[in-house]
1. Among the residues of segment 79-115, write down those that are surrounded by 24 or more Cβ atoms within 10 Å (Cβ to Cβ) and assigned to a loop (DSSP other than H, G, I, E, B).
2. Would you check which residues across segment 124-141 are within 18 Å of D153 (Cβ to Cβ) and either surrounded by 24 or more Cβ atoms within 10 Å (Cβ to Cβ) or basic (K, R) (or both) and list them?
3. Only helices (runs of 4 or more DSSP H) wholly contained in segment 156-212 count here; list those with 3 or more residues that are closer than 17 Å to K128 by Cα.
4. Out of all the residues in segment 200-213, which are touching a residue at least 40 places away in the same chain (Cβ under 8 Å) and surrounded by 21 or more Cβ atoms within 10 Å (Cβ to Cβ)?
5. Have a look at D163, D157, D153, D195 and point out the one that is farther than 21 Å from M105 by Cβ and either at pLDDT 95 or above or not aromatic (F, W, Y) (or both).
6. Before we move on, is A215 more than 30 Å from A120 (Cβ to Cβ), out of contact with any helix residue (DSSP H, G or I) (no Cβ under 7 Å at 6 or more places or on another chain) and of a type in the set (G, A, S)?
7. Is at least one residue of segment 59-66 modelled with pLDDT under 95, buried (at least 16 other Cβ atoms within 10 Å of the Cβ) and under 24 Å from A159 (Cα atoms)?
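The values are calculated or read from the model by the stated rules, or taken from the named source; none is laboratory data. Please read these numbers as outputs of a predicted model, since none were measured by experiment. In this analysis, Cβ positions are derived from the backbone assuming ideal geometry, glycine residues included, and neighbour counts consider all displayed protein chains.
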Amino acid sequence: MPYTMTRPNRCSATHRSNSRTHRLRATWRVAATLIVSGALALNIAACGKAPEKNNVPVKSETPASSEPPLSQAAVRGDLNEIKALLDAGADVNATDAMGRTPLHMAAFYGQLKATELLIARSADIDAKDRVGMTALHAAVLSGGRQEVQLLLDKKADIAIKSDSGQTALHLAAATGQPKLSRFLIERGADPQSKDAKGKTPLFYARQNQHPLTTALLEQYPAER
């Protein structure tokens with residue numbers, strides 16, 4: 001999974017922007033594929049990972065052209081456009097080809113105010129995409145602590161699972177995010193939750209060689 005922050009030493013601003021966009025879109029596509037296949041641990045490791053202290057990707061503001069207009073506005077964080085579209089009758093829960101709603105996109109691309117606005121306008125906070133990921137899963141994948149906190153404050157289900165049984169904590173562990181993993185646990189995430197293959201978040205942290213996240217999760221041994 002493309003969580004590396006390595007960039008060319010010399011590159012134009014346009015190149016950097018395109019690179020960020022590519023990484024985030026690739027992150028979502030790969031994550032969706034892995035959740036469906038149940039091969040999250042091995043494939044994230046194979047695709048490369050960033051050091052745990054620097055694992056939050058840079059968020060892009062460039063939407064994909066195939067997304068509904070409301071989703072494009074959510075990606076950009078364009079509050080005026082979001083309001084105008086909703087006032088004109090746009091479906092706040094409209095989905096793209098991958099089943100993602102505007103709330104998924106705002107949360108994933110780090111648009112905090114857009115995320116809050118969509119929730120205030122009755123977005124389904126626990127809506128699932130085609131692989132069962134919610135906006136909370138999406139925010140965790142992009143390392144969005146503020147978005148995660150907002151979603152939980154607005155009563156997103158912290159225990160909700162993807163189609164392959166993975167919680168937000170599974171994803172935080174698999175991508176080596178110790179601070180976010182701790183925060184999720186403090187908010188009620190179950191460190192012993194098992195996915196469809198019977199794997200806990202600790203399994204994925206170990207498998208993907210994330211020592212800080214592994215050490216954190218080892219503090220929560222299974223009850224005997």
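1. Scanning segment 79-115 gives R100, T101, Y109, G110, Q111.
2. T134, A135, L136, H137, A138, A139, V140
3. Those helices (runs of 4 or more DSSP H) span 168-174.
4. Residues satisfying the conditions are Y204, N208, H210, T213.
5. Matching residue, one of D163, D157, D153, D195: D195.
6. So A215 passes the test.
7. no
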